[in-house]
1. Can you say whether G178 is at negative phi and either surrounded by fewer than 22 Cβ atoms within 10 Å (Cβ to Cβ) or in contact with a helix residue (DSSP H, G or I) (Cβ under 8 Å, 6 or more places away or on another chain) (or both), as far as the supplied structure shows?
2. Among the numbered criteria (1) closer than 28 Å to E142 by Cα; (2) at pLDDT 50 or above, which one does R115 miss?
3. Output the residues belonging to region 140-162 that are surrounded by fewer than 21 Cβ atoms within 10 Å (Cβ to Cβ) and aliphatic (A, V, I, L, M).
4. Could you figure out which of (1) in contact with a helix residue (DSSP H, G or I) (Cβ under 8 Å, 6 or more places away or on another chain); (2) modelled with pLDDT of 95 or more isn't true of E142?
5. (1) out of contact with any strand residue (DSSP E or B) (no Cβ under 7 Å at 6 or more places or on another chain); (2) assigned to a loop (DSSP other than H, G, I, E, B); (3) more than 30 Å from F291 (Cβ to Cβ): which one isn't true of P198, the others all being true?
6. Is it the case, given these coordinates, that Y28 is at pLDDT below 85 and crowded, with 17+ Cβ neighbours inside 10 Å?
7. May I ask you to list pairs of residues, at least six apart or on different chains, whose Cβ atoms are under 6 Å apart, with the first in region 151-164 being of a type in the set (V, I, T) and the second being assigned to a loop (DSSP other than H, G, I, E, B) and modelled with pLDDT of 90 or more?
8. Can you name the helices (runs of 4 or more DSSP H) wholly within region 206-288 that have at least 2 residues being crowded, with 20+ Cβ neighbours inside 10 Å, modelled with pLDDT under 85 and outside the structural domain of F79 (by TED's automatic domain parsing)?
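The values are calculated or read from the model by the stated rules, or taken from the named source; none is laboratory data. Keep in mind that what you see is a predicted model, and the values were worked out from it rather than measured. Every residue, glycine as well, gets a Cβ built from its backbone with ideal geometry; the counts of neighbours run over all protein chains shown.
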Amino acid sequence: MSEKPPITTRETVAVFHALSQETRLEAYRLLLRYQPFGLTAGDISRLLSVPHNTLSTHLQILEGAGLVQSRRQGRSIVFGVVSSRLDDVVAGLEITGQKQQRRARRGQPSSPHKRPAATSRERPMTVLVLCSGNSARSLIAEAILEREGAGRFRAYSAGSTPKARPNAAALRMLDQLGYDTARLHPKSWTEFAGPEAPEMDFVITLCDRAAGEACPDWPGHPLTAHWGVPALTERSGTSEGAQDALKDTYRRLMQRLTAFINLPFEDLSLAQLKERLQTIGRLEGATEMAFSGLPERDA
């Protein structure tokens, strides 16, 4: 196998130029957090609060520098980071040794998934994620939030009519992505309604069926939100289609939960927080119910 040719001076300059502008740098950082599945231009625009036409120009520059690549996924164009590009630049500048020394002093490699735990609260914020079967979507969301929350959040999931076992393909995907799946299993939402249940700060429904059912009275009077994400069976026909639907579900949940984790909770009023939760639920791929709104349940 022939060795990869070193990055040229012109290519190196293009990379540094692409990252020298604030919006492009923030877009690149955002896409790093959403590896390996990426984001649509519309979601990048919403998450960064950048006009779509302005963002389009920046994405073209990032793509031209080889830092980002786009692909068609269904009807959407999804952008993802080319993770090897900066490594090529580093190798070309012959500073790989210094980078490894810095990592060794820190103890381990940096990761876009790691965030410092909050110290301003006495306990983590608790979040219960619901769907009818609690076999795929809500389990994926529980795993994402537990890891990405980095100690700031405690995640739980449940279902109104839980399945006997979790979706095997969903667990395999999470295992491959390095998630801890040991405690992920379907359970009834009644487990979280009794006097011994942990008090929730947030209850989030992911399927329209669960959102439309009469739910228990949750201890603690949590804020509720509906982030309707279509069921896997609604978007898969063949085995390849099922895998695409699973990856798309993971990407959509990662979008929503990353936006949720990064909310400035301490600076938002109750009304502002409710509005932000509703906006997150309307990101790309949301069901119609996510736009129609739900009756208030947190009063």
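1. no
2. Every condition holds for R115 apart from (2).
3. Across region 140-162, the qualifying residue is only A150.
4. Result: E142 passes all but (1).
5. (1)
6. no
7. Close Cβ pairs satisfying both conditions: T161/S132.
8. The qualifying helices (runs of 4 or more DSSP H) are 208-212.
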